Amino acid sequence: MDRWVLIIAIILAAVAAIQGARHVRRGSKSRWTVLWMLFCFIAQLSVLSLRGEMRACCPLGDTGEVLIFSAWSLTIFYMVVGSVYRLSLLGVFTAPLVCFLLSIALMPGLLDTSPERKIVVDGWRESHAAFSVLAYGALGLAAVAGVMFIVLNRQLKEAHTGTGLFANLPPARDLNQVVERLLWLGFSLLTLGLICGLVMEKSGAANKHLYVALGQWGSYALLLFWGWMRGMPPRKLAITAVVLFVLSLLIFPLIN
Amino acid sequence: MGLNHETAPVEVREHFAVSEDKLGAMASKLTELTTIAESVVISTCNRMEVYVAAEDRQVGLEVLTKHLSKDHNEADMSHLYQKCGDEAKKHLFALVCGLNSMVLGETEIFGQVKSAYKQALEAGATKGVLNRLFQKSFAVGKRIRTNTRIQMGATSVGNVAVDLAEKIFGKLNGSHVMIIGAGETSRLVAQSMISRGASELTVTNRSMERAKALADELNGEVVPFDSWQDALVKADVVVSSTGAPEPVLRANQIESVRRMRKFRPLFLIDIAVPRDIEAQAGDIEEVYLYDIDKLQQLASSAKESRAKQVELCEQMIAEEIRQIS
């Protein structure tokens, strides 16, 4: 059942991505992207709910669940940020990433068919996982906004302004602010996740995971501290947000 | 029946112009004429047009011509065009879409026609025929603007610059514009920026008198020409148009204030020939440099792109007319 709902979520994300891309090519606004993403969000929520029932705890027990949770948090931040900043195009850029993460989660072996039901639940461990994945959502969306900034910046620099994409991209300064705010939000959630991680009961593997997480946290801290103290050209900030997120995704294989 | 910038020079158009608050009254007056049941009068700086629904087409034309010729001489009357039936519908639809405008695809005409129709409606000068026709024309106008790119891109250097500024900064509210050289084009660009919300303006010029005159006109402040570099820290947009033979703004001057500016975006508009701003300034990450060639090229491409859309718009209009005929 959970897999079928996951397939529905993938289809909805794909529809949002394709329809959004078609609108961008035509140079018109993709008002429906938000709606498709909302349906996709509901489908993801249903999958997580079903998985949570099966596990009797937060559904973050395997790589597949982590990927679904990440896609879900990416979508929820898009729903909030997209409407606040009227960045409907952010959905067009977010949808393919959500679709990609959900598709990977569906690959054989990543999503346990009969997950182990937990009898004792460690609250700190659950909170650590939930905060960390939510942080991934915010940082992922910062990377998406960063990509949008890089594209717009290039078009502005080269005076390549006649495309539908250029017409629909939000202003450069707004995008830069979105990247900055999402980085701060993601970093705050990451910090909470890390604190919970330091308190929870640890195994050998968990220690290894924590060192990597500390490295990731330190990188984001350095980026934000540098930007706050000395300022940073918007393009550099955007590129760093993208690079750090891609590197963060590489931590997944270390989780299990 | 009417005339526009293509059929009549301004000295003729001004004879036919109707002030905005009298459009409804004039439309109402026309319905008192024999056979004319409904009427809408449109008057803008580029056109004056009268739309009527008459019980008898031929009589209607004669009565209307006679009425207009009361206040205008024969030479003026010779500039008028007449369109009936589907041709008149096609004309109105094209008008609302901006296809008959001096700046192809401009959107202001849509509001002007809407306002003229509203006045005629309130004056009781329209009934079934013109109500349906005008409502349809607004729907066609919206459809064409949504489904074509007829209004895409700015077609003048000033508007291109302002559109780019909005693409960089979003709303220009609170933005700081600095003018180097108090020329006419700088004044026009600065005026456009202010009309879109830019609130702070600094003017510098070799002649302090001209700088002061421009600053007074645009409610800005003057900075002496030998110390304008300090004002660069606050500026978001710099418009330069001096007659200097050498660049007045160099890349190293911007480099020296980047940290103080906290790497905020800087939009440089160089409309001088020879150029005022060193080309290397455009290589700085947060700097967007546009010279007169780039701006003119963008304006020309927008004009070409709009012209290419005309055929598509006309097809859509023809399709709409087929549906209502």
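The values are calculated or read from the model by the stated rules, or taken from the named source; none is laboratory data. Every value quoted in this text rests on a predicted model; they were computed, and no experiment measured them. Here Cβ is always computed from backbone atoms with ideal geometry, including for glycine, and neighbour counts include all displayed protein chains.
Conditions (1) in a loop (DSSP other than H, G, I, E, B); (2) at the interface with chain B (Cβ under 10 Å from one of its Cβ atoms); (3) touching a Lys or Arg at 6+ places or on another chain (Cβ under 8 Å); (4) charged (D, E, K, R), marked per residue:
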residue	(1), (2), (3), (4)
A:114	yes, no, no, no
A:125	no, no, no, yes
A:161	yes, yes, yes, no
A:166	no, yes, yes, no
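Scan the range B:267-310 for residues that are within 11 Å of chain A (Cβ to nearest Cβ) and closer than 22 Å to residue A:234 by Cα and report the count.
Count: 10.
Being under 17 Å from the mean Cα position of the chain (by Cα) and aliphatic (A, V, I, L, M): is that true of residue A:141 here? I'd like the intermediate steps shown before the answer.
Values: under 17 Å from the mean Cα position of the chain (by Cα): yes; aliphatic (A, V, I, L, M): yes.
In short, yes.
Considering the range A:156-203 alone, what residues qualify as being under 25 Å from residue A:80 (Cα atoms), acidic (Asp, Glu) and without any contact (Cβ under 8 Å) to a residue 60 or more places away in the chain?
Residue satisfying the conditions is A:180 alone.
One line per residue, one yes/no per condition, for (1) outside any helix (DSSP H, G or I); (2) modelled with pLDDT under 95; (3) over 16 Å from the mean Cα position of the chain (by Cα):
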{"site": "A:175", "(1), (2), (3)": "no, yes, yes"}
{"site": "A:186", "(1), (2), (3)": "no, yes, no"}
{"site": "A:189", "(1), (2), (3)": "no, yes, no"}
{"site": "A:194", "(1), (2), (3)": "no, yes, yes"}
{"site": "A:202", "(1), (2), (3)": "yes, yes, yes"}
{"site": "A:205", "(1), (2), (3)": "no, yes, yes"}
{"site": "A:209", "(1), (2), (3)": "no, yes, yes"}
{"site": "A:225", "(1), (2), (3)": "no, yes, yes"}
{"site": "A:228", "(1), (2), (3)": "no, yes, yes"}
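Give the residue that is nearest to residue B:40 (Cα to Cα), with candidates limited to residues of the range B:133-162 that are without any contact (Cβ under 8 Å) to a residue 40 or more places away in the chain and either among the basic types (Lys, Arg) or facing another protein chain (nearest Cβ under 8 Å) (or both). Give the derivation first.
Just the residues of the range B:133-162 that are without any contact (Cβ under 8 Å) to a residue 40 or more places away in the chain, to begin with: B:135, B:139, B:142, B:146, B:158, B:162.
If we keep only those that are either among the basic types (Lys, Arg) or facing another protein chain (nearest Cβ under 8 Å) (or both) too, we end up with B:142, B:146.
Details: B:142: 20, B:146: 26 Å.
The extreme case among them is B:142.
Give the residue that is farthest from the other protein chains (Cβ to nearest Cβ), with candidates limited to residues of the range A:144-159 that are within 20 Å of the chain's Cα centre (by Cα) and surrounded by 21 or more Cβ atoms within 10 Å (Cβ to Cβ). Steps first, please.
Here is the first cut: in the range A:144-159, the residues within 20 Å of the chain's Cα centre (by Cα) are A:144-151.
From what's left, surrounded by 21 or more Cβ atoms within 10 Å (Cβ to Cβ): A:144-146, A:148-149.
On the way: A:144: 19, A:145: 14, A:146: 14, A:148: 13, A:149: 11 Å.
Looking at the filtered set, the residue picked out is A:144.
Residues are listed down the side, and each one gets a yes or a no for (1) of a type in the set (D, E, K, R); (2) in a helix (DSSP H, G or I); (3) crowded, with 21+ Cβ neighbours inside 10 Å; (4) over 23 Å from the mean Cα position of the chain (by Cα):
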{"site": "B:228", "(1), (2), (3), (4)": "no, yes, yes, yes"}
{"site": "B:231", "(1), (2), (3), (4)": "no, yes, no, yes"}
{"site": "B:282", "(1), (2), (3), (4)": "no, yes, no, yes"}
{"site": "B:299", "(1), (2), (3), (4)": "no, yes, no, no"}
{"site": "B:303", "(1), (2), (3), (4)": "yes, yes, no, no"}
{"site": "B:321", "(1), (2), (3), (4)": "no, yes, no, yes"}
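Just give me the residues in the range B:251-272 being in contact with a Gly (Cβ under 9 Å, 6 or more places away or on another chain), at pLDDT below 95 and within 21 Å of residue B:186 (Cβ to Cβ), in sequence order.
B:271, B:272
May I ask you to verify whether residue A:244 is in contact with a Phe, Trp or Tyr (Cβ under 9 Å, 6 or more places away or on another chain), within 14 Å of chain B (Cβ to nearest Cβ) and either buried (at least 19 other Cβ atoms within 10 Å of the Cβ) or at pLDDT below 75 (or both)? Lay out the reasoning, then the answer.
Working: in contact with a Phe, Trp or Tyr (Cβ under 9 Å, 6 or more places away or on another chain): yes; within 14 Å of chain B (Cβ to nearest Cβ): no; either buried (at least 19 other Cβ atoms within 10 Å of the Cβ) or at pLDDT below 75 (or both): yes.
No: the conditions fail for residue A:244.
Looking at the range A:211-223, which of its residues are surrounded by fewer than 17 Cβ atoms within 10 Å (Cβ to Cβ) and at pLDDT 85 or above?
Residues of the range A:211-223 surrounded by fewer than 17 Cβ atoms within 10 Å (Cβ to Cβ): A:211-212, A:214-215, A:218-219, A:221-222.
Selection gives A:214, A:215, A:218, A:219, A:221, A:222.
Could you list, in sequence order, all residues of the range B:233-263 that are under 23 Å from residue B:157 (Cα atoms), in a loop (DSSP other than H, G, I, E, B) and touching a His at 6+ places or on another chain (Cβ under 9 Å)?
B:235, B:236
Which residue out of B:63, B:18, B:52 is part of a helix (DSSP H, G or I) and more than 19 Å from residue B:98 (Cα to Cα)?
B:63
Within the range B:170-177, does at least one residue satisfy the condition of being more than 14 Å from chain A (Cβ to nearest Cβ) and buried (at least 20 other Cβ atoms within 10 Å of the Cβ)? Quick ask: steps written out before the conclusion?
Of the residues in the range B:170-177, the ones more than 14 Å from chain A (Cβ to nearest Cβ) are B:177.
From what is left, the residues that are buried (at least 20 other Cβ atoms within 10 Å of the Cβ) are B:177.
Yes: one or more hits.
Kindly establish whether residue B:85 is over 25 Å from the mean Cα position of the chain (by Cα), surrounded by fewer than 22 Cβ atoms within 10 Å (Cβ to Cβ) and within 30 Å of residue B:307 (Cα to Cα).
Details: over 25 Å from the mean Cα position of the chain (by Cα): yes; surrounded by fewer than 22 Cβ atoms within 10 Å (Cβ to Cβ): yes; within 30 Å of residue B:307 (Cα to Cα): yes.
Answer is yes for this residue.
Pick out the one residue from A:50, A:60 that is crowded, with 21+ Cβ neighbours inside 10 Å and more than 25 Å from residue A:18 (Cβ to Cβ).
Among A:50, A:60, only A:60 is crowded, with 21+ Cβ neighbours inside 10 Å and more than 25 Å from residue A:18 (Cβ to Cβ).
If you take the residues in the range A:15-35 that are under 21 Å from the mean Cα position of the chain (by Cα) and more than 14 Å from residue A:93 (Cβ to Cβ), which one is surrounded by the fewest Cβ atoms within 10 Å (Cβ to Cβ)?
Here the residue is A:35.
So residue A:55 passes all but one of these: (1) at pLDDT below 85; (2) surrounded by fewer than 16 Cβ atoms within 10 Å (Cβ to Cβ); (3) more than 15 Å from the chain's Cα centre (by Cα). Which condition number does it fail?
Residue A:55 satisfies all of (1) at pLDDT below 85; (2) surrounded by fewer than 16 Cβ atoms within 10 Å (Cβ to Cβ); (3) more than 15 Å from the chain's Cα centre (by Cα) except (2).
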